[in-house]
Amino acid sequence: MYDTFSVDYDRFVNWPARLGFEMPFLEKQLGGPGRAPRVPDAACGTGRHAIQLARRGYQASGADLSEGMVQRAQRNAAEAEVSVDFRAVGFGGLAQAFPGQAPLDALLCLGNSLPHVVTPEALAATLADFAACLRPGGLLLVQNRNFDAVMERRERWMEPQAHREDGAEWLFVRFYDYLPDGLINFNILTLRRAEGEGWQQQVSSTQLAPQPFAGLAAALEAAGFEELEAFGGMDGSPFDAHSSGNLVLRALRKA
């Protein structure tokens, strides 16, 4: 899915607005490049968070299972004239992918990426890998959708996103299909038309596990994390299982 979607991902996301909103919270949690200089972004996508961190003095790096996303991230870093180490590595392989950098000061897993881990066993292995990357007291920051609210209301449709560029336009429509085994099919419908032409459409899909707050918190504690703090978004608001749009979890690796 994401190799295909890497072509349009930077059209799908309004990066100036998103980074303008999220970076103050991220830097507050990281404490500045002097306190937590080495920060990889797991499931980095097209690398925009890592690139922005590099611009602000962090030794940023990124990993993503999608070769297409990593190639796009490398091009984005070159255009931004910053040095960021991007590697095509999925969850569970981060400690081996960055052996010369570990133990790290902090690790990010943003953009609802962790729910792509769809079994409890794989989640335990992923979080153990996160812990293996970090020094004692190292920071883990996870940003998921608030699946407590999603599942409570059986929310299916998300707000469409639109983009215009060089006379062409794109519409991105995201929606869920709820599966009998408790997993979710996450679908992205991409509509594109060039100037004077009709719409072309493409649908891509992948599975997600709707990770609730209580279950994810327990899995983090079992993997060796402590001092968990939950926020309802990158604005630092308190987490409310019934109304928050996101679940942002801050945790430290145990000594």
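Structural remarks
- Residues Met23 and Lys254, FRET efficiency given R0 of 25 Å [Cβ-Cβ distance, rounded to 0.05]: 0.35
- The length gained by stretching the chain between Leu183 and Met1 to full extension, at 0.36 nm per residue less their Cα-Cα distance, is 63.8 nm.
- The range 112-255, relative contact order [Cα under 8 Å, separation at least 6], %: 31 percent
- Reported label for calculated semi-axes √(5λ) of the Cα gyration tensor in Å given (1) 28, 23, 17; (2) 37, 19, 17; (3) 30, 29, 16: (1)
- Backbone N within the range 1-31 under 20 Å of label point (7 Å from Arg75 Cα along the Cβ vector): 1-16
- Comparing mean-square fluctuations of Gly92, Gly182, Gly245 from a GNM of the chain with C-alpha springs under 10 Å, the top value falls on Gly182.
- The chain - percent of accessible surface contributed by carbon and sulfur, probe 1.4 Å: 49 percent
- Of Glu27, Glu121, Glu229, the one that fluctuates the most in a GNM where the chain has Cα springs shorter than 10 Å: Glu121
- Heavy-atom accessible area per residue - the range 66-132, 1.4 Å, Å²: 42 Å²
- Per-residue ellipticity at 222 nm, computed for the chain from helices alone with -39500 (n - 2.57) per DSSP H run of at least four residues, works out to -9000 deg cm²/dmol.
- Listed residues Val89, Val203, Val142, most fluctuating in the chain (Gaussian network, C-alpha, under 10 Å): Val203
- Shape index of the range 1-140: Rg/Rh, with Rg the Cα radius of gyration and Rh the Kirkwood radius from the inverse mean 1/r over Cα pairs, equals 0.94.
- Shown here are the Rg and Dmax of the Cα trace of the range 127-248, at 18.4, 58 Å.
- The residues of the range 134-244 present an accessible area of 52 Å² per residue when probed at 1.4 Å with all protein chains retained.
- For the chain: relative contact order, % (alpha-carbon pairs under 8 angstrom, 6 or more apart): 17 percent
- Whole-angstrom gap from the range 209-239 to the range 1-76, using each part's C-alpha centre: 21 Å
The values are calculated or read from the model by the stated rules, or taken from the named source; none is laboratory data. Predicted, not measured: the structure shown is a model, and the values here were computed from it. Note that each Cβ is placed from the backbone with ideal geometry, even for glycine, and that neighbours are counted across all protein chains shown. Just the protein is used for accessible areas: all its heavy atoms, side chains included, with ligands, DNA and RNA removed. Shrake-Rupley method; radii C 1.70, N 1.55, O 1.52, S 1.80 Å.
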